[in-house]
Amino acid sequence: MILSKAIAALGLLAAASATPPAERAREAGVVIGVLPPGPLNAITDVDGVEIGHVTIDEGKNVHTGVTAILPHGGNVFRSRVPAGFVAFNAFGKFAGSTQVVELGEIETPILLTNTLNVPEAAAGAVEWTLTQPGNETVRSVNAVVGETNDGVLNDIRRRRVTVADARRAIEVAKGGAVEEGSVGAGTGTVAFGFKGGIGTASRRLPSSQGGWTLGVLVQSNYGGVLNIAGVPVGIKLGRHAFAERGDRDTADGSVVVVIATDAPLSDRNLRRIAERAFIGIGRTGSSFSNGSGDYAIAFSTSPAVRREEGSVAMVQIADLRNEAVSLLFQAVAEATEEAVVNSLFAGKTVEGHRGTIERLPVETILPWLVAGEKK
């Protein structure tokens, strides 16, 4: 009996692993913007960037997790990358942001989690940093942690994410394809009344414009009137935050946008790029409500701008001219918009702590979105 149950369980696992992943927006024929994506259409198209997820799904009441973004696979504390940060609407928490603004650099991986587990995520980033070879004398670490509130699907007061979970997210980070939807920090999030989550996308500039790559990863957990590729999906579905309904659709919530690029940029121009990410968020239908925490952080992985520990007091760094940044503004707007849509396309219906959140009805809306059929 035990053996037969084990064999059956293995069969179920095999069947689950054989289930194809949800089709991404571009694969389904929904093209956003004019610039081409990178090979994976993901933030990991930027060379060196690694992503790690720890997903915590425990019965009906616990749906949460941690996502880690590493700018490179080395010692981030000793080899810092320039960064720019923007709080577009600061109803939320983004640990470490004041030092990023002040110094224009990050010295730890960026972690995303839920609102009440920011301390655990920060502790995990600190512990991991302190254990890295070469950091034996480090006495101060600026952990960078963003959050959104997943309290509809997750019993957030349980504060289920642990320091070990946060460390594990960093430790399992890797390059390549990025898992999207209800994973990591997106496990319990809701966007436009549907299941949100983690989404990613990228853009590559023409070789005549430098050939730079820019990638975005979002944690979508906000609302408004959903718009996809210029189509008013929320209105056509009759479901949005401002409809006369008594349901859970709301414009409140939060979104975190993490942006990576291999273009050699100063922290000043990285901040400008982070600002333009909210063009993409706005295109999806957000009005950045009072109760929404809307944050973006951008960093450059270019070796030409890396800030190496122990270098001489004065160094020469490369920096694109202001005139060369406009196409990167276009890239970040497009990639941010598409990353949000990918997070929704990858969503699944989840029964959670305070009710059930349905997946976006992709089959219904797809005819409105694909080329040649928009109305």
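Looking only at residues in segment 150-164 that are free of Cβ contacts under 8 Å to residues at least 60 places away in the same chain and either of a type in the set (S, T, N, Q) or not in a loop (DSSP other than H, G, I, E, B) (or both), which one is surrounded by the fewest Cβ atoms within 10 Å (Cβ to Cβ)?
Within segment 150-164, the match that is surrounded by the fewest Cβ atoms within 10 Å (Cβ to Cβ) is 157.
Pick from 185, 201: which is of a type in the set (A, V, I, L, M, F, W, C), touching a strand residue (DSSP E or B) at 6+ places or on another chain (Cβ under 8 Å), assigned to a helix (DSSP H, G or I) and at pLDDT 95 or above?
185
Under 7 Å between Cβ atoms, which residue pairs at least 6 apart in sequence (or on different chains) link something in segment 165-182 that is within 14 Å of residue 199 (Cα to Cα) and at pLDDT 95 or above with a partner that is in a loop (DSSP other than H, G, I, E, B) and among the hydrophobic types (A, V, I, L, M, F, W, C)?
Between residues of segment 165-182 that are within 14 Å of residue 199 (Cα to Cα) and at pLDDT 95 or above and residues that are in a loop (DSSP other than H, G, I, E, B) and among the hydrophobic types (A, V, I, L, M, F, W, C), the close pairs are 177/40; 177/42; 178/42; 180/346; 181/22; 181/346.
Can you go through 315, 332, 325, 233 and tell me which one is under 17 Å from residue 196 (Cα atoms) and aliphatic (A, V, I, L, M)?
Exactly one residue qualifies, and that residue is 233.
Scan the strands (runs of 3 or more DSSP E) fully inside segment 241-360 and keep the ones with 2 or more residues being surrounded by 15 or more Cβ atoms within 10 Å (Cβ to Cβ).
253-261, 292-300, 350-352
Please go through segment 147-182 and pick out each residue that is in contact with a strand residue (DSSP E or B) (Cβ under 8 Å, 6 or more places away or on another chain) and β-branched (Val, Ile, Thr).
Answer for segment 147-182, where residues must be in contact with a strand residue (DSSP E or B) (Cβ under 8 Å, 6 or more places away or on another chain) and β-branched (Val, Ile, Thr): 148, 152, 156, 161, 170, 172, 178.
Considering segment 263-302 alone, what residues qualify as being among the charged types (D, E, K, R) and under 23 Å from residue 240 (Cβ atoms)?
283, 294
The values are calculated or read from the model by the stated rules, or taken from the named source; none is laboratory data. Everything quoted here is computed from the prediction, not taken from an experiment. Methodologically, a virtual Cβ is constructed for each residue, glycine included, from the backbone with ideal geometry; neighbour enumeration extends over all protein chains shown.
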